[in-house]
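Data block below; observations after.
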């Protein structure tokens, strides 16, 4: 084959071979998600490694959170609405960092305020600890004397994103716009 034909083919194929462009922080290499099983707000087992074929966005928070948790879940709602029918191929997951208070019933009521399709996860301490450790979720109970709850949970706010192959692929900021998150989700749904 003449070189000019080979060079022309390379130029034509190059855009199809390029890596996708993300707006979130890319984990390179992506990390395969182990079998992390917790319980959803309906008491059913939910294994993160079994979500292959879907994009999974995860946020670690608690139902009595006064600020970042409702803002992030509100952004998740906007993303789900913006994705339209593609939202059925995405899981929006909220993992509690306050399992003493966040019972399945609390999680269910709380998540229904945002989207009844969102998944709320809790579970035994060892399963939660393994999930926190894998995704680097950090939190601490901070006493707040005189408040109704008596404390707040200071917690990490990144949003891990698992791709359709079951790999932790991206970290998003909780401050990311719904448009930026939807962009990255669409890229992962296509690849």
Residue 121: passes all of (1) in contact (Cβ under 8 Å) with a residue 60 or more places away in the chain; (2) part of a helix (DSSP H, G or I); (3) closer than 26 Å to residue 24 by Cβ but (2)
Here the qualifying pairs (Cβ atoms under 7 Å; residues six or more apart or on different chains; first in the stretch 177-191 and in contact (Cβ under 8 Å) with a residue 40 or more places away in the chain; second assigned to a helix (DSSP H, G or I) and surrounded by 22 or more Cβ atoms within 10 Å (Cβ to Cβ)) come out as 178/75; 178/79; 181/75; 181/79; 182/79; 185/79
Among residues of the stretch 137-150 being free of Cβ contacts under 8 Å to residues at least 60 places away in the same chain and out of contact with any strand residue (DSSP E or B) (no Cβ under 8 Å at 6 or more places or on another chain), the residue nearest to residue 105 (Cα to Cα) is 148
Within the stretch 37-51, the residues that are assigned to a loop (DSSP other than H, G, I, E, B) and under 14 Å from the mean Cα position of the chain (by Cα) are 51
In the stretch 156-175, anything surrounded by fewer than 21 Cβ atoms within 10 Å (Cβ to Cβ) and closer than 17 Å to residue 61 by Cα is listed as 156, 157, 158, 171, 173, 174, 175
Per the filter on the stretch 41-53, residues in contact with a strand residue (DSSP E or B) (Cβ under 8 Å, 6 or more places away or on another chain) and more than 17 Å from residue 135 (Cβ to Cβ) are 41, 45
Taking the stretch 44-57 and keeping only residues that are modelled with pLDDT under 95 and either closer than 21 Å to residue 112 by Cα or touching a helix residue (DSSP H, G or I) at 6+ places or on another chain (Cβ under 8 Å) (or both), one is left with 48
**Prompt:** In the stretch 102-111, is there at least one residue being out of contact with any helix residue (DSSP H, G or I) (no Cβ under 7 Å at 6 or more places or on another chain), touching a residue at least 40 places away in the same chain (Cβ under 8 Å) and not in a helix (DSSP H, G or I)?
**Reply:** yes
Restricted to the stretch 71-100 and to residues being within 14 Å of residue 153 (Cα to Cα) and in contact (Cβ under 8 Å) with a residue 40 or more places away in the chain, the residue farthest from the chain's Cα centre (by Cα) is 98
- Kindly indicate whether any position in the stretch 19-34 is within 30 Å of residue 143 (Cα to Cα), modelled with pLDDT under 95 and either out of contact with any strand residue (DSSP E or B) (no Cβ under 6 Å at 6 or more places or on another chain) or not in a strand (DSSP E or B) (or both). no
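The values are calculated or read from the model by the stated rules, or taken from the named source; none is laboratory data. The structure presented is a predicted model; accordingly, all values stated were derived computationally and were not measured. Because the Cβ atoms are built from the backbone with ideal geometry, glycine has one as well, and the counts that use them run over all protein chains shown.
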